[in-house]
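*Asks:* Have a look at this one before I ask anything.
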Amino acid sequence: MGLGKTIQAIGIINADDSLKRILIVCPASLRLNWKRELQKWLTREMSIQLASPQSCEPAMTDIVIINYDIADKLKAKLQAIEWDAVILDEMHYLKNPDAKRTQAIVGRDAKKGKDAVAGIRARRRIGLTGTPIPNRPIEGFPIFHYLDSKEFPSFFGYAKRYANAHNNGYGWDFS
């Protein structure tokens, strides 16, 4: 807290006029703060919507702010749009690849007999957190893959390099 992550993200919006459709995902307790900071620091006129399961019209506004808890309920509306930017505040919330909110936002590659799940499409992806992400290095993969799938294309490649993945005779150990 207090590192200036919010204002830095708003600075990116201000610096790039091509960012016209922006999704901000944050904890519920920070939604109003994001709206206040946007109203204070944006240097151009943009409409802002605090989305809820009952009222979410992303096609009608420039900036949509949602909280992680409702991402799964709104995934069809959010995934139907190709956003210019998605800002994920407290991105460490997305470390569990099996969580509904993680799948709704970053998606999931097909693995371990599970179907692939589409994530939110965005030309620019910005992850913010002041919290160290992994308790274990393997927890970083969903986040890093979403932010830069070219650098982190493969779960097993990542697991072998950063999590000492190995077959222990009973199966794969990623711990």
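*Asks:* List the GluC sites (Glu not before Pro) within the range 1-85 that fall in a DSSP loop (any state other than H, G, I, E or B) and whose Cβ has at most 15 other Cβ atoms within 10 Å.
*Replies:* Working: sites: GLU37, GLU45, GLU82; in loops: GLU45.
Of the GluC sites (Glu not before Pro), the ones in loops of the range 1-85 whose Cβ has at most 15 other Cβ atoms within 10 Å are GLU45.
*Asks:* In deg cm²/dmol, rounded to 500, what helix-only [θ] at 222 nm does the chain give when every DSSP H run of at least 4 residues adds -39500 (n - 2.57) and the total is split over its residues?
*Replies:* On the way: 6 runs with 48 residues, N = 175.
Here the helix-only value at 222 nm equals -7500 deg cm²/dmol.
*Asks:* Accessible area per residue of the range 43-175 at 1.4 Å probe, in Å²?
*Replies:* Details: 7250 Å² over 133 residues.
With the other protein chains kept in place, the range 43-175 gives 54 Å² per residue.
*Asks:* Sticking with this structure for a sec: Here are some values of percent of Cα pairs over 25 Å apart: (i) 39; (ii) 34; (iii) 58. Which one was computed from this structure?
*Replies:* Recomputing percent of Cα pairs over 25 Å apart here picks out (ii).
*Asks:* Would you mind checking the pairs LYS20/LYS77; LYS20/LYS73; LYS73/LYS100 and listing those with alpha carbons more than 19 angstrom apart? Spell out each step's value before the answer.
*Replies:* Details: LYS20/LYS77 17 Å; LYS20/LYS73 24 Å; LYS73/LYS100 9 Å.
The answer is LYS20/LYS73.
*Asks:* In addition: Only residues of the range 60-84 count here: report those whose backbone N is under 15 Å from the spot 7 Å along Cα→Cβ of LYS100, or say none.
*Replies:* 67-77
*Asks:* Can you pull the percent of the chain's accessible area that's carbon plus sulfur, 1.4 Å probe, other chains left in place? Before the final figure, lay out each step's value.
*Replies:* Numbers: 4850 of 9570 Å².
Carbon-and-sulfur percentage of accessible area, whole number: 51.
*Asks:* With unit charges on the beta carbon (Lys/Arg positive, Asp/Glu negative), name the residue among ASN14, GLY127, MET46 whose Cα is farthest towards the positive pole of the charge dipole of the chain.
*Replies:* Positive-most Cα among the choices belongs to GLY127.
The values are calculated or read from the model by the stated rules, or taken from the named source; none is laboratory data. In this text, all values refer to a predicted model and were calculated from it rather than measured experimentally. Ideal geometry is used to build each Cβ from the backbone, glycine not excepted, and the neighbour counts take in all protein chains shown. Heavy atoms of the whole protein, side chains included, go into the accessibility calculation; ligands, DNA and RNA do not. Shrake-Rupley method; radii C 1.70, N 1.55, O 1.52, S 1.80 Å.
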